Each structure stands twice: as structure tokens, then as C-alpha cells.
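See structure below.
Every read-out reported here was derived from the displayed coordinates using simple, explicitly stated rules and does not represent laboratory data. What you see is a predicted model; the values in this text were computed from it and never measured. Glycine also receives a Cβ, built like all others from the backbone with ideal geometry; neighbour counts cover every protein chain displayed.
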Amino acid sequence: MSTETIDLLPGFSTIADRYDGILCDLWGVVHNGLTAWPEACAALRAFRAKGGHVVLLSNAPRPNWSVRPQFAGIGVPGDAFDGFVTSGDVTHDLLAGQYGGARVHHIGPERDHALFEGLDVDLVGEDRAEVVVCTGLFDDVTETPDDYVDSLTRLAGRGLAMICANPDKVVERGSDLVYCAGALADVYAGLGAPTRVIGKPHPEVYEAALASLAGLSGGAVDRARVLAIGDSVRTDLAGAAAQGIDALFVSGGIHGAELGPVETPDPRRLAELLAAGGVTPIGVQPRLRW
């Protein structure tokens, strides 16, 4: 796809036959945090009806089992996907394998405590911590990363490692954008402290998602037959490119405000956005539609 002249894909059905499996972003593609987009869900169901497999791949910082009730409650149907992998799943496995018995200082809302279920860790205040795990802001409605500079500076001064369970810096919530864990990880890394980020665009979550696809198909996965669908240039599109996977860009998600009207994004702005990110998706849709 040329970044000088970018045509919108008339429908996902026009390219669906090229692929056996989809790695589909959730927030910004399938829902906006408050409600599901019926046409996106219908497109995923149609792909499955043709024999394809859909694995949702999310930067949600909780294990997938604790996220499912949330998106089911906002209208994402269970027959729109076959598998579900979150950055929380991969972070949980990392903590289980490398941080058994550790004293963990958790930065994030109480709803994310599901990340620590079944783990041999002790959740403590910052003064007793051996490692920091960040899943988000305590209150993403009223707080910004500026509210965390003092505490992050104290933790960084002790040389504590941070594990960030969500690389997203902001996400849509309805018509608003709210800060996420990735924004705090940027501050922490900027302080010179060791920072490990789990989730798209980093490879660990793709390894887990491709393993899920392989399990569904009963054999090895041909990456040339896998499509990533996402709305973030920095995470979804960059991550797919690094894995050698085609990507479909949903332009009306997190970048929508930058590109003009959702259904008719400005071609010049769109080309500049993709060029700045160094990515070339195989197609662009304002919203995922069959």
C-alpha cells in the first residue's frame, strides 16, 4: 500500500480469503470501552463461518478469564472469537516463573488484582517492595502521569525493576481518551530505572497468540496466512510488522481524532501517520466491517 495514495478497503470480505487466522485487537476495534460495535463483531463471526479462526489479542493487564465478563457485558458475543490472549496472561506467567515469593508493589486499580490470583507474591507498600508491577493508574478518570512523578522517582531511586502489564499509553473510553500503564512506564524508564513492558508490540504476546492459533488449527501456523487487525500504529501495526504478519488498520479508533471524520479520514493525514510509524498495512477501514 502506498503511503501517498491510500484507499479505504470497501469490506474485510474482499481480503478475508487470504487468511486462515486473525489476531484481533479488542479495545478500539471491537468495542470502545463502553459498547461493542456490532459490525465488527459480525465481521469476525463471518470470518469464523468461512472456517477461519479468531484470537483476540489485547493489552488488557488482567488474565483473559477476568476480562471476558467485562466485554460480554458490553455486547461482545462469544461466537465472535475462538481464543483470547491478554498481556495480563503473559505477565501472570512471567511473575509465576521468575518472581515467586517476591514482595510486589502494585500500581493500578483494585480491579486488576486478578493478575495476582494464584501467584506466590506478597502485595506490599512501596517502602517494602522488591519489584513494581504497573497495570494502570489508580484512578484514570481524575489522575494523569504527573500525579505519579514523586512516587516513581522514589522507586526508581532504589533501582527497583518495573513490570508494565499494559504498553498502551491511552485508550478510548467512549468519546474520551484515558491514560494507561504504558504512560507510567515511559516516566519510569525516563528516570533510568529498569522497565520491562509486556504486550503489543513486544514479542511475548505474539508468541502466546500464535500458539493459540496453532492449537486451534491443529498444526503449525503459516504467518503469511495470519492477519493482525488493530487501531494503534505504535502497538498493533508495529507489532505485526515485527512479526512478519500482515495488518489491517482500523483508522477510527485511537487515532480517529487525528485523521478527521471517522468515516472519511483525511488521506494526507493518514499517509503521514503511517509513514511516521514506519508501517504499511495491507488495508485501512474506518471501522471493521465485513
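Side notes on the structure shown:
- Spatial offset of the stretch 77-125 relative to the stretch 146-161 amounts to 21 Å, using the alpha carbon center of each.
- Pairwise label distance in nanometres, ARG111 with ARG45, each label 7 Å out on the Cα-Cβ vector: 2.5 nm
- Approximate spin-label separation ALA211-ARG158, in nm, with each point projected 7 Å along Cα-to-Cβ: 3.2 nm
- Label sites at ILE282 and ASP79, each approximated as a point 7 angstrom past Cα along Cα to Cβ, lie 2.6 nm apart.
- Residues ILE15 and VAL170, FRET efficiency given R0 of 30 Å [Cβ-Cβ distance, rounded to 0.05]: 0.55
- Taking the Cα centre of the chain as origin and assigning +1 to Lys and Arg Cβ atoms and -1 to Asp and Glu Cβ atoms, the resulting dipole is close to 600 debye.
- Structure-based [θ]222 nm, the chain - -39500 (n - 2.57) summed over DSSP H runs of at least 4, per residue, nearest 500: -8500 deg cm²/dmol
- Each Lys and Arg adds +1 at its Cβ and each Asp and Glu adds -1 at its Cβ; summed about the Cα centre, the stretch 195-262 shows a dipole of about 100 debye.
- Extension gain for ASP127-TRP290 works out to 53.5 nm (0.36 nm per residue, less the C-alpha to C-alpha distance).
- Rounded to the nearest 20, the size of the Cβ-charge dipole of the stretch 130-247 about its Cα centre is 460 debye, with Lys and Arg at +1 and Asp and Glu at -1.
- DSSP beta bridges fully contained in the chain are about 15 percent antiparallel.
- Sorting the segments 26-35, 44-53 by their residues' average number of neighbouring beta-carbon atoms within 10 angstrom, most packed first, yields 26-35, 44-53.
- Under 5 Å between amide hydrogens, built in the peptide plane, is the criterion, and for LEU123 it picks out VAL104 among residues at least 5 positions away or on other chains.
- Listed residues PRO167, GLN98, VAL121: farthest to the positive end of the dipole of the stretch 94-197 (Cβ charges): GLN98
- Karplus-derived 3J(HN,Hα) values for the stretch 63-70, using 6.51 cos²θ - 1.76 cosθ + 1.60 with θ = phi - 60°, are x, 4, 5, 8, 8, 3, x, 5 Hz; glycine and proline are entered as x.
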